[in-house]
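What follows is a short report on a single structure.
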Amino acid sequence: MNGSYSYAPLLFFAAIGAGFAVFSVVAGALAGPKRYNRAKVEAYECGIQPSPHADGGGRVPIKYYLTAMLFIIFDIESVFLYPFAVAFDQMGLFALVEMVLFIITVFVAYAYVWRRGGLEWD
């Protein structure tokens, strides 16, 4: 097979995806209601009156950053599990032992974070 044709299906689906995204944005802008009032223009604050921020935007609690970091760590675990699940038949017992050790390591980290109260939201 010629090298230029091997990317044709990928480019075809990318064009369909981009076309659908553009169509959705344009159709929403054309078909959506255009009635604006003061409440729709304001920032959404879940019904709570917005509090004034200090100069420079104020400080964000460190709990937000810790939660984001924990999410990224446990999300990366799933990224490592996908190739293992796809190629499990070809890798054999060695890969199974490595994956069990990886999952145990992540579970120990999860248990540590749980015991330290990193998953509690005040």
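Tell me which residues, restricted to region 56-83, are touching a Leu at 6+ places or on another chain (Cβ under 9 Å) and either of a type outside the set (A, V, I, L, M, F, W, C) or more than 17 Å from Ala111 (Cα to Cα) (or both).
Thr67, the sole residue that qualifies.
Considering only residues that are over 22 Å from the mean Cα position of the chain (by Cα) and surrounded by 10 or more Cβ atoms within 10 Å (Cβ to Cβ), which ones fall in region 71-100?
The answer is Ala87, Phe88, Met91, Ala95, Leu96, Val97, Glu98, Met99, Val100.
At pLDDT below 80 and of a type outside the set (Gly, Ala, Ser), is that true of Phe71?
When the stated conditions are applied, Phe71 does not pass them.
State all residues of region 101-118 that are of a type outside the set (S, T, N, Q) and either out of contact with any Phe, Trp or Tyr (no Cβ under 9 Å at 6 or more places or on another chain) or surrounded by fewer than 10 Cβ atoms within 10 Å (Cβ to Cβ) (or both); if no residue qualifies, say none.
Result: Leu101, Ile103, Ile104, Phe107, Val108, Ala111, Tyr112, Val113, Trp114, Arg115, Arg116, Gly117.
State yes or no: is Gly56 on the phi > 0 side of the Ramachandran plot and either loosely packed, with under 10 Cβ neighbours inside 10 Å or modelled with pLDDT under 85 (or both)?
yes
The values are calculated or read from the model by the stated rules, or taken from the named source; none is laboratory data. From a predicted model like this one, the values you see are computed outputs, not experimental measurements. So basically every Cβ, Gly included, is an ideal-geometry build from the backbone, and we count neighbours across all protein chains shown.
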